[in-house]
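Beneath this line is the structure, given in structure tokens, with notes to follow.
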Amino acid sequence: MSGSNYRDIMKIAFQAEEAINEEIISRFGKKYPDKTILIKEGEIKQEIYWIISGEVYITRKMGKKYKVLATVGKGELIGEMSFFDKSVRSATVIAKGPVEALVFPKESFSDIFSASPQWTKRLLLALSSRIRYMIEKLNKL
């Protein structure tokens, strides 16, 4: 990893949202138009997406249609499950309007995650929130 890349990764690790500037966006940022698929169910890729603007649908394919399981937006991480368990993508993520995200390869996010405990807390809160949401949804069936 180059020196400037490592500095940017450590800046993100310790400063989180405060680290986001034009340099970080130019290095890791991607823009997605409405209805673009960011993550496809069944893929093997292990990139982590940090949504910095807009919202995405978390969906599962049911026959020929997609069923929306949740909608997440700014500040949320997506793709984290395959980061931990190295499994295929369990859902399809589709842009709900224009979306901008920072996209990290597994190695870069691993450095971020390892360097700062705030990312452990952030991931645990995201996962517990999603589990709680799914339990509420299942209780309504």
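Taking the listed residues ILE25, ILE52, ILE12, the one that is surrounded by 14 or more Cβ atoms within 10 Å (Cβ to Cβ), under 14 Å from the mean Cα position of the chain (by Cα) and among the aliphatic types (A, V, I, L, M) is ILE52, with no other qualifying.
This table checks each residue for (1) touching a residue at least 60 places away in the same chain (Cβ under 8 Å); (2) in contact with a helix residue (DSSP H, G or I) (Cβ under 7 Å, 6 or more places away or on another chain); (3) farther than 11 Å from ALA101 by Cβ.
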{"position": "SER4", "(1), (2), (3)": "no, no, yes"}
{"position": "GLU22", "(1), (2), (3)": "no, no, yes"}
{"position": "LYS45", "(1), (2), (3)": "no, no, yes"}
{"position": "ILE48", "(1), (2), (3)": "yes, yes, no"}
{"position": "ILE52", "(1), (2), (3)": "no, no, no"}
{"position": "LYS65", "(1), (2), (3)": "no, no, yes"}
{"position": "LEU69", "(1), (2), (3)": "yes, no, yes"}
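Looking across region 61-82, the residues that are under 20 Å from TYR32 (Cα atoms) and in a loop (DSSP other than H, G, I, E, B) come down to LYS74, GLY75, GLU76, GLY79. Residues in region 25-33: is at least one among the small types (Gly, Ala, Ser) and closer than 30 Å to ARG7 by Cβ? Yes, there is a match, as at least one residue in region 25-33 is among the small types (Gly, Ala, Ser) and closer than 30 Å to ARG7 by Cβ. Scan region 6-16 and tell me whether some residue there is touching a Ser or Thr at 6+ places or on another chain (Cβ under 6 Å) and farther than 25 Å from LYS121 by Cβ. No, region 6-16 contains no residue that is touching a Ser or Thr at 6+ places or on another chain (Cβ under 6 Å) and farther than 25 Å from LYS121 by Cβ. From the residues in region 83-109 that are in contact with a strand residue (DSSP E or B) (Cβ under 9 Å, 6 or more places away or on another chain) and part of a helix (DSSP H, G or I), which one is modelled with the lowest pLDDT? The residue in question is PHE83.
Taking the conditions (1) modelled with pLDDT of 90 or more; (2) outside any strand (DSSP E or B); (3) within 13 Å of ARG89 (Cα to Cα); (4) not hydrophobic (A, V, I, L, M, F, W, C) in turn, SER26 satisfies each one other than (3). Has region 49-69 got any residue that is closer than 29 Å to PHE14 by Cβ and modelled with pLDDT under 90? No, region 49-69 contains no residue that is closer than 29 Å to PHE14 by Cβ and modelled with pLDDT under 90.
The values are calculated or read from the model by the stated rules, or taken from the named source; none is laboratory data. Please read these numbers as outputs of a predicted model, since none were measured by experiment. Methodologically, a virtual Cβ is constructed for each residue, glycine included, from the backbone with ideal geometry; neighbour enumeration extends over all protein chains shown.
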